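Trainee: Below you will find the structure I want to go over with you.
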Amino acid sequence: MCAQNLTRTEHDRPSAVRSIASVLDGLPKAEIERLAVEIILENRRRLDHAQTLFDRLETIASTGEDRGGLERLRRDYILAQLRLSSLHDIVSAMIDALGYVPDLPAGPSQSPDIPDLD
C-alpha cells in the first residue's frame with residue numbers, strides 16, 4: 001500500500017482560506033500575531049455565545065415552556081454556529097500564516113460583547 005501525499009498545494013486549499021491568506025500576505029509577523037490574538041479571542045466570545053443559546057434551547061426543551069421565542073432562538077443558534085464555523089477558518093489561516101499559536105491573555109476577554117448582527 002502506498003502512502004498518500006497529504007501536502008496540500010495552494011490551489012487545493014478552500015477558496016475562503018486562500019482569500020484570508022491573500023489578505024495576510026505581506027503583513028509583518030507581529031501584526032499577524034496581534035490580529036490572530038484578536039480573532040482567537042473573538043472566536044472564544046462567539047463560542048460562549050453559541051453555548052449560551054444552546055443552553056437556553058435545552059432549558060426550553062426540558063421544561064416544555066415556549067413563550068413564542070423558540071423558533072427565533074433556534075434561528076439565532078444556527079446563525080451563531082455558522083458565524084463560529086466561518087471564524088474557525090480565519091483562526092486556522094492566521095495560525096498557518098504564523099506557524100504557531102500565539103500567547104493569549106489569561107482570563108476572560110476584555111473586548112466588548114458580541115453585537116446583535118440582525
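The values are calculated or read from the model by the stated rules, or taken from the named source; none is laboratory data. These numbers were taken from a predicted model, which means no experiment stands behind them. All Cβ positions, even for glycine, are placed from backbone atoms using ideal geometry, and neighbour counts span all protein chains on display.
Trainee: Out of the stretch 54-89, which residues are closer than 25 Å to V17 by Cβ and not aliphatic (A, V, I, L, M)?
Mentor: Just the residues of the stretch 54-89 that are closer than 25 Å to V17 by Cβ, to begin with: 78-89.
Q81, R83, S85, S86, H88, D89, listed by residue number.
Trainee: For the stretch 1-34, enumerate the residues that are at pLDDT below 90, surrounded by 10 or more Cβ atoms within 10 Å (Cβ to Cβ) and either aromatic (F, W, Y) or not in a helix (DSSP H, G or I) (or both).
Mentor: The answer is R8, R13, P14.
Trainee: Within the stretch 28-62, which residues are free of Cβ contacts under 8 Å to residues at least 24 places away in the same chain and farther than 20 Å from S86 by Cα?
Mentor: Our first condition is that a residue be free of Cβ contacts under 8 Å to residues at least 24 places away in the same chain; within the stretch 28-62, this holds for 28, 30-31, 34, 48, 51-52, 54-62.
P28, A30, E31, D55, R56, L57, E58, T59, I60, A61, S62, listed by residue number.
Trainee: Here's a follow-up. Which residues, taken from the stretch 73-109, are assigned to a helix (DSSP H, G or I) and among the aromatic types (F, W, Y)? Before the answer, list the steps.
Mentor: So the first thing to find is which residues in the stretch 73-109 are assigned to a helix (DSSP H, G or I), and the list is 73-98.
Passing the criteria: only Y77.
Trainee: Sticking with this one: Could you count how many residues in the stretch 67-77 are touching a Leu at 6+ places or on another chain (Cβ under 9 Å) and either loosely packed, with under 14 Cβ neighbours inside 10 Å or within 18 Å of L47 (Cα to Cα) (or both)?
Mentor: At the first step, the residues of the stretch 67-77 found to be touching a Leu at 6+ places or on another chain (Cβ under 9 Å) are 70, 73-74, 76-77.
Among the residues that remain, those that are also either loosely packed, with under 14 Cβ neighbours inside 10 Å or within 18 Å of L47 (Cα to Cα) (or both) are: 73-74, 76-77.
The qualifying residues number 4.
Trainee: Taking the stretch 35-66 as the search range and keeping residues that are under 25 Å from D89 (Cβ atoms) and among the basic types (K, R), which one is surrounded by the most Cβ atoms within 10 Å (Cβ to Cβ)?
Mentor: R46
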